[in-house]
Amino acid sequence: MKRYETVIGLEVHVELSTASKIFCACSTKFGEKPNSNSCPICIGMPGAMPILNKKVVEYAILVGLALNCTISKKSILDRKNYFYPDLPKAYQISQLYFPIARNGRITIDTDDKSKSIGIHELHIEEDAGKLIHDSDKNMTLVDYNRSGVPLIEIVSEPDMRSAEEVKSYLEKLRTMLRYLGVSDCKMQEGSMRVDINLSVREVGDTRLGTRTEIKNMNSLKAISRAIEGESKRQIDILQSGGLIDQETRRWDDNENESVRMRLKEEADDYRYFPEPDIAPLEISDEWIHELMALLPEFQDEKILRYQKDYGISEYEAGVLTSSKEIANLFERATRLCNLPKEVSNWLMVEGMRILKDNYIDPWDICLTPERLSTLILMIEEGRINRIKGKEVFEKSFLEDVDPEDYVKKHGLEMISDDKMLRKVVVKVLEDNPQSVSDYKNGKTKAFDNLVGQTMKSMKGKADPALVNTILKEMLEN
Amino acid sequence: MKISKESFHNIADMVKLSFKEEEKLKLIKDLNHTVEFIETMNDMNTDSQEPMSYIHNLKNVFREDVASNAKAGQGLHENAPESMSDYYVVPPIFHD
Ligand SMILES: [Zn+2]
């Protein structure tokens, strides 16, 4: 039996997080009233004059630099002509002949090895509007709020060989784009969309097989399933002696199969030509250098530095640097309290749990480095215990809550009053004779129960170490 | 180059327009006239000419990234042949 390998290249569309659209001053805000963010330019009224948003070019150059691309000295925009109601001008302003950046690469990690994936090119373009199909009324509704929202398209070389490599590439790209602050890359909201170019060939063959394109994927899980499904479909065809049609397909995640959209021969001829309304771009070395100075320290560099500077494990460093927000919180809180292990523990354990439990993103975290450091120092100095610390952490993580104020307002200070605690312990021992005799008969678990009872009657605020000491002392005598 | 009935149908199909038979004949004639007019350029020797994409000498014409069009969209869709609440309405399109 022949052995096959899958060859995958990706086209990734990313919505840039600029305040205004690419060619007009309309807002890019997501989820607004339909057509409220539109104007004669982005609904394609005749005679309207588009003017390029400078930030779009800067963001594209930044991404190009982060992907180790060569930035084009001269770049132009092109008209891509096709007729579809989500495209009000009947053409999309995009780039074909002279994209902003070319020839880059990105290193991905899979299992235990690193691999370099080539970036063919990166260009800017405008997004289209949104169509809503109403089959009851037999009509299609159009919302142009998204029309003209800036996109970059990142085209990789066909260097990936599996769903795992694709996942790793997309995660790497997403982390990088978020570190750069150029996009939120929310796949479920469509701000990161992926086209998969996939072909299969016999292992050892260096020629590329006929490929199919699966359009508009917006979830990592569906992408993995689509790659596995489509590569199996193609291998089955080849094994039974058939040929692959070059075509565009759509992945149906419910049916777990791809379906044909159109054959290549039926494909539109886009009749690209240089966009006469947008003046050509000349990107100077000075401009590139200015932007280069804005590149942040990325995750890979941070992971190495954290192990060296803070003595934490590679795993911990990986989690702490999974987003720019958590990394900043860690670094700045550590600078303030000088307790890297404590800061790391709180963020790794409680922080990650709260993010998960509340389905929120790192950029929604309210906790500031100052407040995190204050909280950790309060615990360190014995002003509150860890149990109450968790409560305060969660509060100030999710809301604009100052730990000092919160502790004062709710009277959470730790109680280390020896006399007072002894009184409480005496009462607990009286109320729990069974546990006391269990303990005396060697059941150590009974001791934990007595600690619990004492903490409970102190509303969780007692100094746990002191409670332990007093209990031991009283039980032994 | 000549616009045949078939290529006219292709173009009309692409731009989603439909025509009556007599309109078609007139439009094919008009289009052919236009193409003939442009074809006079074929008589010129343009071997040494660089293609010209822009009639001006501008470069790097930008606007700053400020969203200031808050009201520009209001009522625009009422200009459309058909609209419903806040939406433009177009003939049904049920494939992606
Ligand atoms: Zn607009």
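Over chain A, what is the mean sequence separation of C-alpha contacts under 8 Å (at least six apart), divided by residue count, expressed as relative contact order in percent?
Values: 818 pairs, mean separation 64.2, N = 477.
Relative CO of chain A lands at 13 percent.
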Item to check | 10 Å Cβ neighbours from other chains, averaged over peptide A:50-59 | outcome: 3
Next on the checklist: Positive end of the dipole of the protein assembly as shown, charges at C-beta (+1 Lys, Arg; -1 Asp, Glu), about the Cα centre: which of A:PHE393, B:VAL61, A:GLY209 has its Cα farthest in that direction?
Outcome noted: A:PHE393
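Give me the summed buried accessible area for the B-A pair, 1.4 Å probe, to the nearest 100 Å². Walk me through the numbers on the way to the answer.
Values: alone 10020 and 24660 Å², together 30830 Å².
What B and A bury together is about 3800 Å².
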Next on the checklist: If I fit a long axis through the Cα atoms of helix A:464-476 and take the longest principal axis of the Cα atoms of chain A, what angle between them do I get, 0 to 90°, rounded to 10?
Outcome noted: 40
Item to check | Label-zone membership for region A:274-296, site B:SER53, 7 angstrom Cα→C-beta point, backbone N under 17 Å | outcome: A:274-284
Checklist entry - trypsin sites (Lys or Arg not before Pro) within region A:190-285: which are DSSP loop residues with at most 15 other Cβ atoms inside 10 Å? => result A:ARG207, A:ARG271
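Roughly speaking, to the nearest percent, how much of region A:299-409's 1.4 Å accessible area is carbon and sulfur?
Values: 2770 of 5620 Å².
Answer for region A:299-409 is 49 percent, counting heavy atoms of protein chains only.
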Next on the checklist: Per-residue Cβ counts within 10 Å, from other chains only, averaged over A:33-46: what number is that?
Outcome noted: 5
Item to check | From phi via Karplus (6.51, -1.76, 1.60), per-residue ³J(HN,Hα) for region A:18-25 in Hz, x at Gly/Pro | outcome: 7, 6, 10, 5, 6, 10, 8, 8
Checklist outcome for this item: Once the in-chain neighbours fewer than 8 apart are removed, the lysines whose Cα is under 21 Å from A:LYS390 read A:LYS341, A:LYS356, A:LYS408, A:LYS409, A:LYS456, A:LYS459, A:LYS461
Checklist entry - Just from its helices, what would the mean residue ellipticity at 222 nm be for chain A, if runs of 4 or more DSSP H residues each count -39500 (n - 2.57) and the sum is divided by every residue, rounded to the nearest 500 deg cm²/dmol? => result -12000 deg cm²/dmol
Checklist entry - Accessible area of B:PHE62, 1.4 Å probe, to the nearest 10 Å²? => result 50
Checklist outcome for this item: Helix A:299-310 sits off the longest principal axis of the Cα atoms of chain A, rounded to the nearest 10 on a 0 to 90 degree scale, by 20
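Calculate, in nm to one decimal, what A:GLU325 and A:TYR97 gain on full extension: separation in residues at 0.36 nm each, minus their alpha carbon distance.
Working: separation 228, 0.36 × 228 = 82.08 nm, distance 3.73 nm.
So the chain would gain 78.3 nm between A:GLU325 and A:TYR97.
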Checklist entry - Rounded to the nearest 10 Å², what accessible area does B:ASP47 show when all protein chains are kept and the probe is 1.4 Å? => result 140
Checklist entry - What do you get for Rg/Rh over chain B if you use C-alpha atoms and the Kirkwood form of Rh? => result 1.12
Checklist entry - Accessible area per residue, 1.4 Å probe, Å², for region A:213-309: what's the number? => result 59
Next on the checklist: Between B:PHE62 and B:ILE38, what is the label-point separation in nm under the 7 Å Cα-to-beta-carbon projection?
Outcome noted: 3.5
Item to check | Over region A:299-409, relative contact order from alpha-carbon pairs under 8 Å, at least 6 apart, % | outcome: 22
Next on the checklist: Sort A:70-82, B:71-83 by the packing proxy (mean of other Cβ within 10 Å over each peptide's residues), most packed first.
Outcome noted: A:70-82, B:71-83
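With the other protein chains left in place, how much accessible area per residue, in square angstrom, belongs to region A:387-477 at a 1.4 angstrom probe? Kindly include the intermediate steps, with their values, before the conclusion.
Values: 5350 Å² over 91 residues.
On a per-residue basis, 59 Å².
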Checklist entry - Counting only the heavy atoms of the protein chains, how much of B:TYR87 is accessible to a 1.4 Å probe, in Å² to the nearest 10? => result 50
Checklist entry - Quick one: Cα centre-to-centre distance for region A:255-316 and region A:388-464, in angstrom? => result 52
Checklist entry - Got a sec? What order do A:ASP136, A:ASP109, A:ASP184 fall in by accessible area at 1.4 Å, biggest, i.e. largest, first? => result A:ASP136, A:ASP109, A:ASP184
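Which order do B:VAL90, A:VAL12 take by accessible area at a 1.4 Å probe, largest first? Walk me through the numbers before you get to the answer.
Numbers: B:VAL90 30, A:VAL12 0 Å².
I get B:VAL90, A:VAL12, largest accessible area first.
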Checklist outcome for this item: So the FRET efficiency between A:GLN239 and A:SER162, C-beta based with R0 = 22 Å and rounded to 0.05, is 0.70
Checklist entry - Between A:ASN345 and A:SER219, what FRET efficiency follows from the Cβ-Cβ distance if R0 is 35 Å, with the result rounded to 0.05? => result 0.60
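List the GluC sites (Glu not before Pro) in region A:371-477 that DSSP assigns to loop (not H, G, I, E or B) and whose Cβ has at most 14 other Cβ atoms within 10 Å. Which are they? Could the numbers behind the result be given before it?
Details: sites: A:GLU380, A:GLU381, A:GLU391, A:GLU394, A:GLU399, A:GLU404, A:GLU413, A:GLU430, A:GLU473, A:GLU476; in loops: A:GLU381, A:GLU399, A:GLU413.
Those that pass, being in a loop and sparsely packed, are A:GLU381, A:GLU399.
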Checklist entry - Rounded to the nearest 0.05, what FRET efficiency is calculated for B:GLU23 and A:ALA90 with R0 set to 25 Å and r the Cβ-Cβ distance? => result 0.75
Checklist entry - Per-residue HN-Hα couplings for region A:148-154, Karplus 6.51 cos²θ - 1.76 cosθ + 1.60 at θ = phi - 60°, whole Hz, x for Gly and Pro? => result x, 5, x, 10, 10, 10, 10
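The values are calculated or read from the model by the stated rules, or taken from the named source; none is laboratory data. Everything numeric in this text was worked out from a predicted model, so none of it was measured. Glycine also receives a Cβ, built like all others from the backbone with ideal geometry; neighbour counts cover every protein chain displayed. For the accessible areas, the whole protein counts, side chains as well, though only heavy atoms, and no ligand, DNA or RNA atoms are used. Shrake-Rupley method; radii C 1.70, N 1.55, O 1.52, S 1.80 Å.
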